[in-house]
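Every number here is computed from the coordinates shown, using simple stated rules; none is lab data. All values reported here derive from a predicted model rather than from experimental measurement. As a convention, Cβ positions derive from the backbone with ideal geometry for all residues, glycine included, and neighbour counts pool all protein chains shown.
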Amino acid sequence: MKINAENMSFRELNEKIRSSRGRRVEIENMLGQRYTGSGCTGKDIHISGIPGNALGAYLTGCDITVYGNAQDAVGDAMNDGTITIHGNVGDAAGYGMRDGKILVKGSAGYRAGIHMKEYMEKKPLMVIGGRTGDFLAEYQAGGRIIVLGIGYERECPVGDFCCTGMHGGVMYIRTEHAPELPAQVLCEDADKADMKAIKPDVELFAKKFGYDAEELLNAHFYKLTPNTSNPYRRLYVNN
């Protein structure tokens, strides 16, 4: 099904997506409509234009591809599926993300990965090709974030206050320049086991966006995890 979203309200657009009979939905001339694909399941949505806030919020078993940029709160509390962005994303991408994958060819704004979490086999993934703004992985509680820093090899590709409040999950940053971190976060060189663990994720990113996975993986990565000997315990308990 093809939808021309020009001058269409976000409610009408979402109704058309949900009522479409086939799995594949192509949207043209999109400009700022919110909540596209929110709570959707069983759809393969392709977007030309710029979707508005909360693209793929509460997504469940649905794949969304954007051939350009996206605004704030991409994948807000998404449960499953894949969101692929062939440009940049705004702030708070993956807010409260529970599972699924967000792949961003370009860069992300502030607070990407805030409150990401995991439960048993549900482990969300976010891969950002460029750089990120401040407060990356704020209060991260689970899942995996990979920042590849493509085009930013001469600098640290994450902003200030990275991992503030991090108490779960893991982050990998492709860089030679270690970020400034709070004492509650450990920063170590990624070892062979780490590189083996993230290889499928980097290969998926490379396949989606036309990069050489081997070249990306041959660079140096840092691994960031919560410091269990010095946790943010005063934020969550009284003793």
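Can you run the Rg to Rh ratio on the stretch 2-236? Use alpha carbon positions and the Kirkwood inverse-distance Rh.
That ratio is 0.98, to two decimals.
Could you list which residues have their amide H under 5 Å from that of Thr132, counting only those 5 or more apart in sequence or on another chain, with H placed in the peptide plane?
Ala108, Val158, Gly159
Please list, or write none, the aspartates and glutamates whose alpha carbon is within less than 17 Å of the alpha carbon of Lys196, excluding same-chain residues fewer than 8 places away.
Answer for Lys196, where 17 Å is the Cα cut-off: Glu188, Asp212, Glu214, Glu215, listed by chain and number.
I'd like to compare 39-45, 204-210, 50-56, 189-195: which one has the highest average count of other Cβ atoms within 10 Å, and what's the full order after that?
With the highest mean Cβ count within 10 Å placed first, the list reads 50-56, 39-45, 204-210, 189-195.
What chymotrypsin sites (Phe, Trp or Tyr not before Pro) in the stretch 2-64 are in a loop by DSSP, with at most 14 other Cβ atoms within 10 Å of the Cβ?
Passing both the DSSP loop test and the Cβ count: no residue.
Taking the alpha-carbon distance from Lys16 and a cut-off under 20 Å, which aspartates and glutamates remain once sequence neighbours fewer than 8 residues away in the same chain are dropped?
Output for Lys16: Glu6, Glu26, Glu28, Asp44, Asp63.
If you take every DSSP beta bridge fully contained in the stretch 2-236, what fraction is antiparallel? Give it as a percent rounded to 5.
Once the DSSP bridges in the stretch 2-236 are tallied, antiparallel ones form about 20 percent.
Given the DSSP H assignment, sum -39500 (n - 2.57) over each helix run of at least 4 residues in the chain and divide by its residue total; what's the result at 222 nm in deg cm²/dmol, nearest 500?
Here the helix-only value at 222 nm equals -4500 deg cm²/dmol.
What's the angle, to the nearest 10 degrees (0 to 90), between helix 192-209's Cα axis and the longest principal axis of the chain?
The angle comes out near 20 degrees.
Let me check against my output: what whole-number percent is the relative contact order of the chain, with C-alpha pairs under 8 Å and at least 6 apart? If you can, show how the numbers build up before the last one.
Details: 722 pairs, mean separation 23.9, N = 239.
Contact order relative to length: 10 percent.
Kindly flag which residue pairs out of Lys2/Lys101; Lys192/Lys223; Lys101/Lys199; Lys2/Lys117 have an alpha-carbon separation exceeding 23 Å in this structure.
Result: Lys2/Lys101; Lys2/Lys117 exceed 23 Å.
Looking at Gly87, Asn4, Ile17, which one has the Cα that reaches farthest to the positive end of the dipole of the stretch 2-236 (charges on Cβ: Lys, Arg +1; Asp, Glu -1)?
My answer, from the dipole projection, is Ile17.
What is the angle, in °, between the Cα long axis of helix 10-19 and the longest principal axis of the Cα atoms in the chain? Nearest 10 is fine, range 0 to 90.
The angle comes out at about 80 degrees.
What is the spin-label model distance, in nm, from Tyr67 to Arg18 if the labels are put 7 Å beyond Cα along the C-beta direction?
It works out to 2.7 nm between the two label points.
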